[in-house]
Amino acid sequence: MSAIDAIRAERIVAILRRVSEPDRVVAALREGGIRIVEITFDSDDATGTIAGLRREPELVILAGTIRTAEEAQAAAEAGAQACVSPTLVPEVLERCRALGLPAIPGALTATEVERGWRLGAAMVKLFPASLGGPEYVSQLRAPLREIPLLASGGVDTGNAAAFLRAGAEAVGVGSALAAARDPAAAARDLVGSVRDA
């Protein structure tokens, strides 16, 4: 199964940004039912963490905060299964295409979402999703129905299901999981909250 297929099936991406002990946090998230993890490139030893986690066959590992073609190259060499960006950088999409690596660029406006899709995005990250909320997702989906959206930025257990019901293909959840006192319990709560969305 491709990374994009896995995201569509699982509907939750756990985002780890500058997390100490990422292996421990990922193990807890797995225990709670989450198996898609994004390691942001502004984390210490992001490539080493990605390479280490890729040894776990049940996990899907994405590289996040990819802002340059060079970072996309490094992510691919570390074994990342897709590159996620906070912004729309054509050079990143071009490098990902050359590497055969799915790209998920960030966008906020309808124009940016459309542009990312036309540049070859496998999915578009709506960021920060909290700015417009689920209603904004619904409004975007009306004319751009064929473009799969990953809602990220300010998504948590309280609103994840609403984003999915509004039409987001999946949600990206960061601190609500990674900074939780009990990441396994937080993951279970999140998985339960989106089960019927």
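Here, each number is a calculation from the coordinates, and none is a lab measurement. What you are looking at is a predicted structure, and each value in this text was computed from that prediction instead of being measured. Positions of Cβ are backbone-derived with ideal geometry, glycine not excepted, and every protein chain shown enters the neighbour counts.
With n ≥ 4 as the cut-off for DSSP H runs, can you work out [θ] at 222 nm for the chain, using -39500 (n - 2.57) per run divided by the number of residues, rounded to the nearest 500?
Details: 10 runs with 86 residues, N = 197.
Mean residue ellipticity, 222 nm, calculated: -12000 deg cm²/dmol.
Taking the range 96-164 on its own, what percent of its Cα-Cα pair distances exceed 21 Å?
Numbers: 523 of 2346 pairs.
Everything past 21 Å amounts to 22 percent.
Assuming R0 = 25 Å, can you tell me the calculated FRET efficiency for the pair Glu91 and Arg118, based on Cβ-Cβ distance, to the nearest 0.05? Don't skip to the end; give the middle numbers.
On the way: r = 15 Å, r/R0 = 0.62.
Taking R0 as 25 Å, the efficiency between Glu91 and Arg118 is 0.95.
Work out which trypsin sites (Lys or Arg not before Pro) in the chain are exposed loop sites (DSSP not H, G, I, E or B, at most 15 other Cβ within 10 Å) and give the longest gap free of them. If you can, show how the numbers build up before the last one.
Values: sites that count: Arg18, Arg54, Arg55, Arg145, Arg181, Arg195.
Between exposed loop sites, the widest span is 56-144.
Distance between the C-alpha centers of the range 67-119 and the range 122-197? Whole Å please.
Cα centres, the range 67-119 to the range 122-197: 20 Å.
Which loop-located GluC sites (Glu not before Pro) does the range 79-188 contain, where loop means any DSSP state but H, G, I, E or B and the Cβ has at most 13 other Cβ atoms within 10 Å?
Numbers: sites: Glu91, Glu94, Glu112, Glu114, Glu135, Glu146, Glu169; in loops: Glu146, Glu169.
For GluC sites (Glu not before Pro) across the range 79-188 that sit outside H, G, I, E and B with at most 13 neighbouring Cβ atoms in 10 Å, the list reads Glu146.
What is the range 1-78 by shape, rounded, prolate or oblate, if you read a ≥ b ≥ c off the alpha carbon gyration tensor as root eigenvalues and call it rounded for a/c under 1.5, prolate for a/b larger than b/c, and oblate otherwise?
On the way: a/c = 1.74, a/b = 1.24, b/c = 1.40.
Taking the square roots of the gyration eigenvalues as a ≥ b ≥ c, the range 1-78 is oblate.
Give, in nm to one decimal, the length gained when the segment between Ala185 and Arg165 is fully stretched (0.36 nm per residue of separation minus the Cα-Cα distance). Let's see the in-between values first.
Values: separation 20, 0.36 × 20 = 7.20 nm, distance 2.31 nm.
Using 0.36 nm per residue and subtracting the Cα-Cα distance, I get 4.9 nm.
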